[in-house]
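Scroll down for the structure; my scribbles are underneath it.
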Amino acid sequence: MLASMACLIFPSLNTLPLWNLKGFIASLLLHVTISEPLYYWAHRLFHKPYLFIHYHSLHHSSPVPHPFTAGHATPLEHLVLCTVIGIPITGSILMGYGSTAMIYGHVLVFDFFRCLGHSNAEVVPHEVFNKLPLLRYFIYTPTYHSLHHTEMETNFCLFMPLFDALGNTLNTKSFELHKRITSNSGKNGRVPDFVFLAHVVDIMSAMHTPFALRSFASTPFCMRMFLLPFWPLTFMIMLVMWGWSKTFLVSFYNLRGRLHQTWVVPRFGFQYFLPFATKGINKHIEEAILRADRLGVKVISLAALNKNEALNGGGTLFVNKHPELKVRVVHGNTLTAAVILNEFSKDVKEVFLTGATSKLGRATALYLCRKRVRVLMLTSSTERFQKILKEAPVDCQNYLVQVTKYQAAQNCKTWIVGKWITPWEQSWAPSGTHFHQFVVPPILPIRRDCTYGDLAAMRLPPDVEGLGSCEYTMERGVVHACHAGGVVHQLEGWSHHEVGAIDVDRIDLVWEAALKLGLKPVSSVNN
């Protein structure tokens, strides 16, 4: 508001140059010599009984400081801050050194340091101050300002502890506490019991992460128009991550006293299908598994593309390479198969299966044929079909049928999609067909006369704590079945790796264990 008023009162502001180095130097000098001491004394006045009770106590009402605390103040305090921040800008312009970059740059840096001081997380390493001792008087740290919120008669400065030193209000514990906190960083962190190793699906869904748009991440992901302007920036970040990045923590929650975390491999869905990128992706996955092993994580579950058969044999590559692993590596596919299979009504007598020779396809076919359900397995590989056929009981083998064209399913109303199909391929399904699916990304729901299932998912038990974001398109509290499969593995305390092919005999066992632990299947029908 003040900036808009200034532009109306002084039209000459619209003719300022984009850049002027002298303006940055002038604004810095004015900030140090005028704004810093002015804020220091104003801040001390706000801690006098009358002003504190009627004004400044609002700022100190946050039980735990966080970045938004920086702007949590009364209008009077905001006017003081506007004066403090406006003096260097106005002075530089009056000197004839003003520029657009200086105005925006000064405001952004000012707000950044204000939010940094209230972040309640230390980010400045003490080694910097060890090498340059005087620097500690010219830049404050989150630790320094956090002390002001606990011991309010000390550490009044804006950004420079020098003025607390001159005013005899510098808390003597400031620098030692900062050193102790940064020295112990990471040493006392809680080790997760379970890790779900995810990956980015596409550029749009990358903006669904909690640290990007927190409120957006608290709802199931869907395409929104407001995301489109951010696409070029996200694309550039994707390129940077491709060139230089490592696996990182994206979210966490607690379940029955155990810490569960989601780590993300910094790769997007399309990159998993680039032949020259597979080696790097496997390196990221391997490093994440080894890191989990070093930390003492009990179970790590691989998400969708991270357990791709063609990529690493469903995780067998890492287990065979590191037989000494203590962390159990699982793919969660057994529970995924169980969720899909338990969606079928008892009167289903025939299904059409794409992706029939994949891990999930194989397990689904073998399970259904034992239930005397006819399975039309779409595959052009007779060799792979015959291999699966030999695994079926002899009296059930006639229920497995190899087909090579979608036309074979034109009378079948139950489709299980394990390989992405086009709208044209969907057109062969009869009216009233339901598409179950375990394919990433999900198929396009273009048939108005059919229903489409979501990806297999389960709702976590109601005693889950701290789950503030949604997992891709799922509701809050609902996770993909491969994630839930790892949770079951961890809570049950199973000691084996679950990699490679799915043990069909364990499908019912895992399903019963999930229900016993309080996980619930989610209705997957979308019209």
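The values are calculated or read from the model by the stated rules, or taken from the named source; none is laboratory data. This one's a predicted model, so the numbers in the text were calculated from it and none came from an experiment. No Cβ is skipped: glycine too gets one built from the backbone with ideal geometry, and neighbour counts run over all protein chains shown. The area values use the complete protein model at the heavy-atom level, side chains included, leaving out ligands, DNA and RNA. Shrake-Rupley method; radii C 1.70, N 1.55, O 1.52, S 1.80 Å.
Protein chains only, probe 1.4 Å: how do Arg291, Arg180, Arg506 rank by accessible area, largest first? Numbers along the way, then the final one.
On the way: Arg291 95, Arg180 125, Arg506 65 Å².
Heavy-atom accessible area, descending, gives Arg180, Arg291, Arg506.
So what's the net charge close to Met207: Lys and Arg +1, Asp and Glu -1, counting the other residues with Cβ under 14 Å from its Cβ? Display every interim value, and only then the final one.
On the way: positive: Arg214, Arg224; negative: Asp202.
The answer is +1.
For the stretch 153-309, what is the accessible area per residue in Å², given a 1.4 Å probe and the full set of protein chains? Walk me through the numbers before you get to the answer.
Working: 7960 Å² over 157 residues.
Result: 51 Å² per residue.
What's the center-to-center distance, using Cα atoms, between the stretch 408-481 and the stretch 24-39 in Å?
59
Read through the labelled values [x] 1.31; [y] 1.25; [z] 0.93 and report the label of the one computed as Cα Rg over 2.2 N^0.38 Å from the structure.
It is the value labelled [y].
Determine which lysines satisfy two conditions relative to Lys321: a Cα distance under 24 Å, and not lying fewer than 8 residues away in the same chain.
Lys246, Lys279, Lys283, Lys298, Lys307, Lys359
Considering only DSSP beta bridges where both residues belong to the chain, give the percentage that are antiparallel (nearest 5).
Percent antiparallel among DSSP bridges in the chain is about 35.
Going by accessible area, probe 1.4 Å, with all protein chains left in place, what is the ranking of Ile89, Ile289, largest first? Can you show the working numbers first?
Numbers: Ile89 25, Ile289 5 Å².
Ranking Ile89, Ile289 by accessible area, largest first, yields Ile89, Ile289.
Tabulate in residue order the Karplus-calculated ³J(HN,Hα) for the stretch 238-255, using 6.51 cos²θ - 1.76 cosθ + 1.60 with θ = phi - 60°, rounded to whole Hz; enter x for Gly and Pro.
Along the stretch 238-255, the couplings run 4, 5, 5, 5, 5, x, 8, 5, 8, 4, 9, 7, 10, 6, 7, 7, 10, 9 Hz.
Within a Cβ distance under 13 Å of Ala408, other residues only, what is the Lys/Arg minus Asp/Glu net charge? Numbers along the way, then the final one.
Details: positive: Arg374, Lys405; negative: Glu350, Glu425.
Summing Lys and Arg as +1 and Asp and Glu as -1 gives 0.
Between the stretch 170-207 and the stretch 96-149, how far is it from one alpha carbon centroid to the other, in angstrom?
Using only Cα atoms to place each centre, the spacing works out to 19 Å.
Sorting Glu324, Glu127 by accessible area (1.4 Å probe), largest first, what list results?
Numbers: Glu324 115, Glu127 90 Å².
The most accessible residue leads, giving Glu324, Glu127.
Leaving ligands, DNA and RNA out of it, work out the accessible area of Thr74 with a 1.4 Å probe and give it in Å² to the nearest 10.
20
Rounded, prolate or oblate: pick one for the stretch 194-330, where a ≥ b ≥ c are the square roots of the eigenvalues of its C-alpha gyration tensor, a/c under 1.5 means rounded, and failing that, prolate if a/b is larger than b/c, else oblate. All intermediate terms of the calculation are to be shown ahead of the outcome.
Working: a/c = 2.31, a/b = 1.36, b/c = 1.69.
In terms of gyration-tensor shape, oblate.
Work out the charge dipole of the chain with +1 on the Cβ of Lys and Arg and -1 on the Cβ of Asp and Glu about the Cα centre, then indicate which of Leu45, Thr354, Pro75 is farthest towards its positive end.
Positive-end residue among those listed: Thr354.
Once Lys and Arg get +1 and Asp and Glu get -1 on their Cβ, which of Ser245, Ser57, Gly313 lies farthest toward the positive end of the dipole of the chain?
The residue sitting farthest along the positive end of the dipole is Gly313.
Mind checking the dipole of the stretch 104-211: about its Cα centre, +1 per Lys or Arg Cβ, -1 per Asp or Glu Cβ, Debye to the nearest 20? Don't skip to the answer; put the middle values down first.
Working: 8 positive and 9 negative charges, 58 e Å.
Computed charge dipole of the stretch 104-211: roughly 280 debye.
With the cut-off at 1.5 for a/c, could you classify the stretch 156-205 from its C-alpha gyration tensor as rounded, prolate or oblate?
Working: a/c = 6.32, a/b = 2.11, b/c = 3.00.
Verdict is oblate for the stretch 156-205.
Give me the 1.4 Å probe accessible area per residue for the stretch 335-452, excluding ligands and nucleic acids, in Å².
Values: 5600 Å² over 118 residues.
Heavy-atom accessible area per residue stands at 47 Å².
Test of understanding: what is the full-extension gain from Ile53 to Arg294, defined as 0.36 nm times their sequence separation minus their Cα-Cα distance? Walk me through the numbers on the way to the answer.
Values: separation 241, 0.36 × 241 = 86.76 nm, distance 5.12 nm.
Using 0.36 nm per residue and subtracting the Cα-Cα distance, I get 81.6 nm.
In the full protein assembly as shown, how much of His496 is accessible to a 1.4 Å probe, in Å² to the nearest 10?
We get 60 Å² for His496.
Let's see if you can work this out: charge +1 on each Lys and Arg Cβ, -1 on each Asp and Glu Cβ, no other charges. What is the dipole magnitude of the stretch 335-452 about its Cα centre, in debye to the nearest 20? Numbers along the way, then the final one.
Values: 16 positive and 8 negative charges, 31 e Å.
That gives the stretch 335-452 a dipole magnitude of about 160 debye.
Among Trp19, Tyr144, Tyr406, pick out the residue whose Cα is farthest towards the positive end of the charge dipole of the chain, where Lys and Arg carry +1 and Asp and Glu carry -1 on C-beta, about the Cα centre.
Value: Tyr406.
In whole percent, and with a 1.4 Å probe on the protein chains, what portion of the accessible area of the chain is carbon and sulfur? Walk me through the numbers before you get to the answer.
Details: 16790 of 26740 Å².
It is 63 percent, rounded to a whole number.
Nothing charged except the Cβ atoms of Lys and Arg (+1) and of Asp and Glu (-1): what's the magnitude of the dipole of the chain about its Cα centre? Round to the nearest 20 debye.
Working: 47 positive and 35 negative charges, 179 e Å.
That gives the chain a dipole magnitude of about 860 debye.
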